[in-house]
Each structure stands twice: as C-alpha cells, then as structure tokens.
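Peer 1: Can you read through this structure? Questions will come right after.
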C-alpha cells in the first residue's frame, strides 16, 4: 500500500512526525516544570494528545481517509486559538514565538499536501 503512496503524502507524513517530535521536545524540555506543577490531569492530557497524534499520523501513512479528514478538522478547530498561543510566545522569546508560528505554518503545508489531487486519489483507492 505504501509503495504507490504519492510523494505528497510521504512528505506530509514526514512533516507530521517532525511536528510531533518538536512538540514532544517542547513539552519535555521547555514546559516540563509547568506540566509537573499542574499534576496528573495535565500529564494525562499531554499523553492523550500525543497518542492521538501518533494514531492520526500512523493512519494517514496507511491511507486511511478518516485520519486525513480528522487532521483537517482538528486543524480548523485550532485556528481561533493560534493567536492566543503564538502571541504570548513572542513575549517570552522571539525564537519560541517563531518556532511555534512555524509549526502552525508547517501544519497548513501538511493539510495542503494531504488534499492535493494525487493524495486525494490515493486516499480514495485505499479506503
């Protein structure tokens, strides 16, 4: 199934793994004190969201259309929160602000790649 995967989907999956890894690094290194001080609920949320992302990436890579659509819906739901997340980052650090903004731009690129014609055709065939 992955042999005939379009290059757009392969690129999108690689970018998704990169965003996931960067987010994990951010949580473990930069935000670790906040997560620890917030206790078990925050840790559970971080683990659940991380697992959800792994599930979506894995299933997008396998050609599951529901995972591609779910990723799009989650991205759209996240759009109103982006200014509330990114702007405070810039007040903490311009570097962190740029990295966070860059991650959102990469997510938009992923969406574009997943909904190109070759990608859409492949997801329809593997459904």
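Peer 1: Return a yes/no flag: does the stretch 13-32 have any residue that is surrounded by 17 or more Cβ atoms within 10 Å (Cβ to Cβ), outside any helix (DSSP H, G or I) and in contact (Cβ under 8 Å) with a residue 24 or more places away in the chain.
Peer 2: no
Peer 1: Turning to a different aspect of this structure: Six or more apart or on different chains, Cβ atoms under 6 Å: show the pairs whose first residue is in the stretch 52-70 and within 19 Å of residue 121 (Cβ to Cβ) and whose second is modelled with pLDDT of 95 or more and surrounded by fewer than 19 Cβ atoms within 10 Å (Cβ to Cβ).
Peer 2: 67/59
Peer 1: In the stretch 2-12, what residues are under 10 Å from residue 114 (Cα atoms) and surrounded by 15 or more Cβ atoms within 10 Å (Cβ to Cβ)?
Peer 2: 6, 8, 9, 11, 12
A quick yes/no check of all residues on (1) out of contact with any helix residue (DSSP H, G or I) (no Cβ under 7 Å at 6 or more places or on another chain); (2) modelled with pLDDT of 95 or more; (3) closer than 19 Å to residue 103 by Cα:
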residue: 1; (1), (2), (3): no, no, no
residue: 21; (1), (2), (3): yes, no, yes
residue: 27; (1), (2), (3): no, no, yes
residue: 46; (1), (2), (3): no, no, yes
residue: 83; (1), (2), (3): yes, no, yes
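The values are calculated or read from the model by the stated rules, or taken from the named source; none is laboratory data. Owing to the predicted nature of the structure, the values given are computational and were not obtained by experimental measurement. Reconstructed Cβ throughout: ideal geometry from the backbone, glycine too, with neighbour counts over all protein chains shown.
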